[in-house]
1. Filter segment 397-428 for residues that are buried (at least 24 other Cβ atoms within 10 Å of the Cβ) and not in a helix (DSSP H, G or I) and give the result.
2. Got a sec? Which strands (runs of 3 or more DSSP E) wholly within segment 475-544 have at least 1 residues that are β-branched (V, I, T) and touching a Lys or Arg at 6+ places or on another chain (Cβ under 7 Å)?
3. Can you find a residue that is without any contact (Cβ under 8 Å) to a residue 60 or more places away in the chain, among the basic types (K, R) and open to solvent by 30 Å² or more (accessible area, probe 1.4 Å) anywhere in segment 124-134?
4. With respect to the numbered conditions (1) more than 14 Å from N271 (Cβ to Cβ); (2) crowded, with 24+ Cβ neighbours inside 10 Å, which one is the sole condition not fulfilled by I370?
5. Any idea which residue in segment 350-375 is nearest to I340 (Cα to Cα), counting only those that are among the aliphatic types (A, V, I, L, M) and in a helix (DSSP H, G or I)?
6. Tally the residues that are hydroxyl-bearing (S, T, Y) and touching a Phe, Trp or Tyr at 6+ places or on another chain (Cβ under 9 Å), restricting the search to segment 87-108.
7. Inspect all residues belonging to segment 442-451 and state whether any of them is outside any helix (DSSP H, G or I) and surrounded by fewer than 21 Cβ atoms within 10 Å (Cβ to Cβ).
8. Considering segment 353-366 alone, what residues qualify as being surrounded by fewer than 20 Cβ atoms within 10 Å (Cβ to Cβ) and of a type outside the set (K, R)?
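The values are calculated or read from the model by the stated rules, or taken from the named source; none is laboratory data. Here the structure is a predicted model, which means the values were calculated and not measured. Glycine gets a Cβ as well: all are built from the backbone with ideal geometry, and neighbour counts include every protein chain shown. Each accessible area value is taken on the protein alone, full model and side chains, heavy atoms only, with ligands, DNA and RNA left out. Shrake-Rupley method; radii C 1.70, N 1.55, O 1.52, S 1.80 Å.
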Amino acid sequence: MWILKIMCGIFGYIGKGPAANNIREGLKRLEYRGYDSWGIAVLEDGNIQVQKQVGTISKVDSEKLSSKAVIGVGHTRWATHGGVTEINAHPHISTDGSFTLAQNGIVENYQELKKDLINKGYEFRSQTDTEVIVRLVEEKLRTEKDLVTATRLAFNLLEGRNTIILLDRNENRIIAIRNGSPLVIGIHGNEYYLASDTLSFADKTNNIVQMKNLEMVVAHPTGIKKFDAVTGKEVEVIIEEVDIEDSKIDKEGFQHFMLKEIVEQQDSIINAVQYTDEELQPLLDAIRQAETVYTIGAGTASFSAGQIAWALRNIAEIKAIDLKSYEISGYRNLFSEKDIVIVVSQSGETADTIEAVEIAKEHGVKIVSIVNMLGSTISRISDLAYYSRSGPEICVASTKAFTAQVAWGTLVASALVGRSGEYKKEIRQLSSNLKDQFTEDTFDQYRDLAKKLKKKEHFFVLGRDSNYYIALEGALKIKEITYKHFEGFAAGELKHGVIALIDKDTPVFIITPTGEQKADLLSAAAEVKARGANVIGIGVESNELFDVHLKTNNIGSTDPISNVIPFQLIAYFLGVELGTDPDRPRNLAKSVTVK
């Protein structure tokens, strides 16, 4: 079966109202999870009113929404099953209008279920797997009088990672079930928020109820109850007061979130290394006692993981190996209870990374995580959980979360050899340098470069040693935003095949370190220039081999962080020049919560 890696966002509200506006604001904060269409359903005058539209919820005028309703659910979608149409947008309403339902996830057996339901006489309006859940609940209501039981029984027939939220007209309540895709509840007095993450209601409350997989919640205006979704038995509701970092979801004068978040790195890298040696001590002890340290991640997080492994090997002389989350099954026979896995994820909900953690845990491996979302699945299933403290990252392509996790990993490596204080000093100096670098003069240089590059289709990035993963991440960042063909390579690959791709005026980016690897990178620059390449050097010093020099401010062990920022800026300004949306690149969403 063809499965997309993608996600959506769900939000429910019960309280004083207005429900529609509260849901709209929550969905705006969830829009990084999906932004091709949206839908809001509220209970008003005894009926469910549904409003759906293709496009982004952030552009919707709140005055066009209901002002009287005090209960409702909403959804922001990134299409998997069915095209981007109003009919396919969630939520989907039942035939009799008694309930409406939205989903985050993929029903892997939806074709079999749909075929059976059609044979029983059910009709379908949309192309979505979500409508299958609606009809399945209707089928269960033929024999079950209670919607809660019918929903639970229908849900247990679904295969795959799914979370649903349902608005019940008859009983004035919301029913939600979690399995795989995230769900958390916020409580503020008699107001209840059910959402895909805490960011969506961070401005409202820091009192939350965590939802485990295969748990169901039934929310009334008078309170909430939790149940085991398999057995139907009631389970205890535990309210936690957590330190949710709220941040106004606002561009603050920037044209796009991406540029704002690139600039915010001058502060986020400092936040990432605020851990004291005492706070790191359990991890330091575990690393020293481990036989092997594995770092894992997917996408940009995999390059963070690779950079962390590099720092552990080269700064602390620790046996550290980086793995791709989605390829971990090939290493499962090597794991033992003597090992540690350091898990890297921005959202903490990455499906293939969660599965990798589950495989490692089966072998008794100690799990350590570094994520950017408080209360996420990965942090909760870890033995030791740390946070990158980057604040909300709204742009789909990660920038500040990546550098924060690299900074944290390098801090850990430095702390292992008693150099944490020195590294924090280097980070503070880099932060100061970045404040001086993020100016209109700098941005103008990148705008001019973007104009020169916009008609090119093929680009190469060469790095080595501490900058190998930076070459990979730099190429990925520009691919994500510009849709151009950018490839990152280890500079040593040049003579072993890559050089055959170099043609006249091919742009080749060379990351030049200040240390012993510098000569090798300059040699690579000479080789590609001799074959007609347009050489763009990234580093502290310029060189006669460079057609363009993008200056960085490397401080000690901060080279990788300093050197990735030019690629982020190229991605942004080239994307703008090409007319793409840097915050919302095509076919991508922020967190991969299903396979």
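1. Once the filter is applied, which keeps residues that are buried (at least 24 other Cβ atoms within 10 Å of the Cβ) and not in a helix (DSSP H, G or I), segment 397-428 yields A397, S398, T399.
2. Of the strands (runs of 3 or more DSSP E) lying wholly inside segment 475-544, those with at least 1 residues that are β-branched (V, I, T) and touching a Lys or Arg at 6+ places or on another chain (Cβ under 7 Å) span 534-539.
3. yes
4. The failed condition is (1).
5. By that ranking, first place goes to A360.
6. Selection size over segment 87-108: 1.
7. No, that holds for no residue.
8. E355, E358, I359, E362, H363, G364
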